[in-house]
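Values in this text are rule-based calculations from the coordinates and carry no lab data. All values reported here derive from a predicted model rather than from experimental measurement. Here the Cβ is made from the backbone with ideal geometry for all residues, glycine too, and neighbour counts use every protein chain on show.
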Amino acid sequence: MEVKRKYKGKDVEMLLAAATIVKNAMNHKEFLQSKRTTWGDPFFGNLDKQINEAIKEYLGYDSAKKLRESSQQVYDYVSEAKYKLAEVKVQLQEDFRSDKPRQQEILTNLGFSRYGKAIRNNDQEAIIAMLYQFKTNLVNELKKEIVKAGTANQTLQDIIALADKLKAANVNQESDKSGKKAITAEAIMAFNAVYMKTIAVARIAANLTKEMPGFKDQFNFAKTIKSQNSTGKSGANASS
């Protein structure tokens, strides 16, 4: 009898997203446990262990460990890039509000106008492209103008550095995806069990934190997958 997946996309993407969501839940478990009696210790710890065991057993320990590490690195860099880009954008909008043409010119040159929507949708490739446009077009004169208007030079330098960091992390992640074992019906059943438990946590936690800025997206499966995988490269082959 064929065992069908209860989720869309790649197995490895689902498992890595599940691991990230559970990690986020553990970071906020005091609040979440106050809302759910069944989430008391060791609920999140046991779920994290279940995910790790599924990865180790069915993907291969060494390759899976490397993939989790490289994917977490990508996730961290994407999160940092989004935060710092948003920080710069709001300052540019306010600092050059009295000169709309110049404001728009700067936002366009640095990539905000072109990539803004894609970045909000966690398109990793768009974030990398924008970071390089930002790095290329932030010439010394423009940097001096922006810093003089009020934005900290260090923030600009951090964004420039993230361009190379995120690109390198993305290359490592794609390389680590190549090592995987054959997926059996038994594996799919284990993956389904992980998914069903984690998606329930994600949906409930997202609702519980919906009024808390920055929290809700930490429990969004689709956005978590997009932020730690290259959109357009990962494909939709569930068996990969």
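What stretch of the chain, leaving out the sites themselves, is the longest with no GluC sites (Glu not before Pro) in a DSSP loop having at most 13 other Cβ atoms within 10 Å?
Result, exposed sites excluded: 3-210.
In which sequence would Thr37, Thr224 go, from the one with the fewest C-beta neighbours within 10 Å to the one with the most?
Listed from fewest to most nearby Cβ atoms, that is Thr37, Thr224.
Give the shape of the chain as rounded, prolate or oblate, defined through the alpha-carbon gyration tensor: a ≥ b ≥ c are the square roots of its eigenvalues, a/c under 1.5 means rounded, and otherwise the shape is prolate if a/b is larger than b/c and oblate if not.
In terms of gyration-tensor shape, prolate.
Quick check: from the Cα gyration tensor, does region 79-175 come out rounded (a/c under 1.5), prolate or oblate? Write down the numbers at each step before the final one.
Details: a/c = 2.22, a/b = 1.70, b/c = 1.31.
Prolate.
May I ask you to sort Val90, Val78, Val147 by Cβ crowding, counting other Cβ atoms within 10 Å and putting the fewest first?
By the 10 Å Cβ count, ascending: Val90, Val147, Val78.
When the helices in the chain are scored as -39500 (n - 2.57) per DSSP H run of 4 or longer and the sum is shared across all residues, what 222 nm value do you end up with, to the nearest 500 deg cm²/dmol?
Calculated mean residue ellipticity at 222 nm is -24000 deg cm²/dmol.
What is the local net charge at Ala185, summed over the other residues whose Cβ is closer than 13 Å to its Cβ (Lys, Arg +1; Asp, Glu -1)? Present the calculation step by step, with values, prior to reporting the outcome.
Working: positive: Lys4, Arg5; negative: Glu2, Asp11, Glu186.
That works out to -1.
Relative contact order of the chain, please, whole-number percent, based on alpha carbon pairs below 8 angstrom and at least 6 residues apart.
Here the relative contact order equals 40 percent.
In the neighborhood of Ala17, defined by Cβ-to-Cβ distances under 12 Å, what is the net charge if each Lys or Arg adds +1 and each Asp or Glu adds -1?
+4
Summing +1 for each Lys or Arg and -1 for each Asp or Glu, what net charge is found among the other residues whose Cβ lies under 13 Å from the Cβ of Glu30? The partial results should precede the final answer.
Numbers: positive: Lys29, Lys35, Arg36; negative: Asp41.
Summing Lys and Arg as +1 and Asp and Glu as -1 gives +2.
In which sequence would Ser70, Ser227 go, from the one with the fewest C-beta neighbours within 10 Å to the one with the most?
Lowest count first: Ser70, Ser227.
Which helices, counted as full DSSP H runs in the chain, have an axial Cα extent of no less than 30 Å and a Kyte-Doolittle average of 0.0 or above?
Once both thresholds are applied, what remains is 185-208.
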